[in-house]
Amino acid sequence: MANFLSEKINNTIEKIAFILLNILVADLCIFGAGRLLEFGPLTFRMVLLLVLFAVCIPLFIRDYKSLLKSNYVWAILIFGLLVVVSTVVGAINNNRINLIATDIKGFVYFAFLPCVVVLINSYKKIVILAKTCMYAAAIQGLTHIVYICLYISNVPWLETFSRFCDERRFFYVSYRISDVNVRVSFLSSICLLLGVVFSIYFGIKATSKLCKIIYPVITAICGFSLLMSYTRSVFLAVGVTVLGLLVFLLIRASKKERYALLIHILITLIVFSIIIAGFNIKTGENYFTYALSRTFIGIDFIENLFNPDDEGNKQPSGDVNKEPEGTETTEPDETIPDGPTVDEPVPPDDKDSFYQNTVTSDSLRALTVGELVTNIKKSPIIGLGLGAEIASRPDGLNEYFFLDLFSKMGIIGLVCYLSPLVFMLIQLVQLYRKKHKHFLLTLTWFCVLLGLVAYSYFTPCMNSSVGIMAYCCIIAVFEFYRKSQINLED
């Protein structure tokens, strides 16, 4: 009887914790820094994570042997110890205390890992978690589209709404390009990638006619929102993730899955074209070609295909302190780039200025890479410690996450941080060789991680709550299949 009651209580705790997990993931995919509600110095996300951790304590006790056998868990534990060592090294090197604290703050979210590992213990839960990510990303994408419509309509209360969202670190207006074109930076914008990838996966697996329509619509909504981010690192992440998944599906998937994929792509393109055409007709502005023109800034031949009349406007303004590109997923209280916001609106019809801002950002990035490489050469093994800074980035926002990590924690820290990715790749090959029926699902999660890694090369994502908690979820999926010894039932 005691065992029965114990099992029943554990099951109840597990259900409650899994609900909290999905709420936390939805908040992660929608609300940027998780500041929709604040309780003194604590954000809603922090409170939710603390509650989830407390609820999971009985599950930690129940599964501690399994946790200690996980190479993924040990990799992150060792990385945590290296963070402590790097903190000491930073203090010895007289690095700024506020920058050391900022570096530590992001990595604290690895405390989320044991929670998600003990909770992801069935194929059904993996699917539910993926769908939570997908629908939450779709909500963000819809919010973006609605905001653009309101901006075009010039509603009188839009400034107040924008300021509220900026204060809550949901999104901020980073550049007003014209009366009908605006760059809105959602702090969880990279999570739209999850909406695209998982909607493709579930679209292939869908059996009902309604779902076969809904999932391509989600793909199109998230894809359009990603396009309107006007962020090249986001485009790179989408390219790496989606192309990797599509190439595999077209080559290795079954005939039925390939057919379903082609239908999904066709419906997605139709919906995407309708959205683009609707905005083009309403505004007279071609958002698609504008996004492409910005993507190829600095590549003269390709750039001139989109902007044949702009050849005389290619000199940077000279102000290297303008907003760097691709900072959407950083924690706002850690780093928010200086630049135009709702409180400092940029005059409409400012496309040339936006162009120059992009060129200036590229110049600053090139300088940043050079200085980070110089720091790496000074101490390539253990790094210069947390809080190490460079002259061009006195605020500590070095953007290039992996180069930044290399310079602060050395090759040891970088390898330890990325070791779970290597474990996943090995495990993925094993699943493929055994023709596991859930291989495609695990591949989809892995492609998401590849996208995050590609995005993080240019952007501080994988040391923010968004990137680290996504990393933890993907680790938990692979850990589940490892524990199951690749012998699962639906």
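Name the residues in segment 13-42 that are open to solvent by 70 Å² or more (accessible area, probe 1.4 Å) and without any contact (Cβ under 8 Å) to a residue 40 or more places away in the chain, would you?
LYS15, ILE16, ILE19, ILE23, LEU37, GLU38, PHE39, PRO41
Hey, can you tell me all the residues within segment 461-488 that are touching a helix residue (DSSP H, G or I) at 6+ places or on another chain (Cβ under 8 Å), open to solvent by 10 Å² or more (accessible area, probe 1.4 Å), outside any helix (DSSP H, G or I) and on the phi < 0 side of the Ramachandran plot?
ASN463, LEU488
What about ARG45, is it of a type in the set (Lys, Arg), assigned to a helix (DSSP H, G or I), open to solvent by less than 40 Å² (accessible area, probe 1.4 Å) and touching a residue at least 24 places away in the same chain (Cβ under 8 Å)?
yes
Kindly establish whether VAL238 is open to solvent by 10 Å² or more (accessible area, probe 1.4 Å), within 30 Å of ARG168 (Cβ to Cβ), within 18 Å of the chain's Cα centre (by Cα) and of a type outside the set (S, T, N, Q).
yes
Based on what the data block shows, is VAL85 in a helix (DSSP H, G or I) and surrounded by 15 or more Cβ atoms within 10 Å (Cβ to Cβ)? Walk me through how you get there before you give the answer.
On the way: in a helix (DSSP H, G or I): yes; surrounded by 15 or more Cβ atoms within 10 Å (Cβ to Cβ): yes.
For VAL85, the condition - in a helix (DSSP H, G or I) and surrounded by 15 or more Cβ atoms within 10 Å (Cβ to Cβ) - is met.
Does segment 424-443 contain at least one residue that is open to solvent by 20 Å² or more (accessible area, probe 1.4 Å), at pLDDT 90 or above and assigned to a loop (DSSP other than H, G, I, E, B)?
No, the conditions are met nowhere in segment 424-443.
Since ILE78 meets every condition but one in (1) modelled with pLDDT under 95; (2) surrounded by fewer than 21 Cβ atoms within 10 Å (Cβ to Cβ), which condition does it not meet?
(1)
Quickly run through segment 190-230 and pick out the residues that are over 20 Å from SER273 (Cα atoms) and within 16 Å of the chain's Cα centre (by Cα).
Matches in segment 190-230: ILE190, CYS191, LEU194, PHE198.
Exactly one condition in (1) assigned to a loop (DSSP other than H, G, I, E, B); (2) of a type in the set (Gly, Ala, Ser); (3) at pLDDT 90 or above is not met by GLY413; state its number.
Condition (1) is where GLY413 drops out.
Quick check: is even one residue across segment 283-298 over 24 Å from CYS447 (Cβ atoms), touching an Asp or Glu at 6+ places or on another chain (Cβ under 7 Å) and open to solvent by less than 40 Å² (accessible area, probe 1.4 Å)?
yes
The values are calculated or read from the model by the stated rules, or taken from the named source; none is laboratory data. Every value quoted in this text rests on a predicted model; they were computed, and no experiment measured them. Cβ coordinates were reconstructed from backbone atoms using ideal geometry, including for glycine residues, and neighbour counts include every protein chain displayed. Ligands, DNA and RNA are stripped out before the accessible areas are found, and what is left, the full protein with its side chains, is counted by its heavy atoms. Shrake-Rupley method; radii C 1.70, N 1.55, O 1.52, S 1.80 Å.
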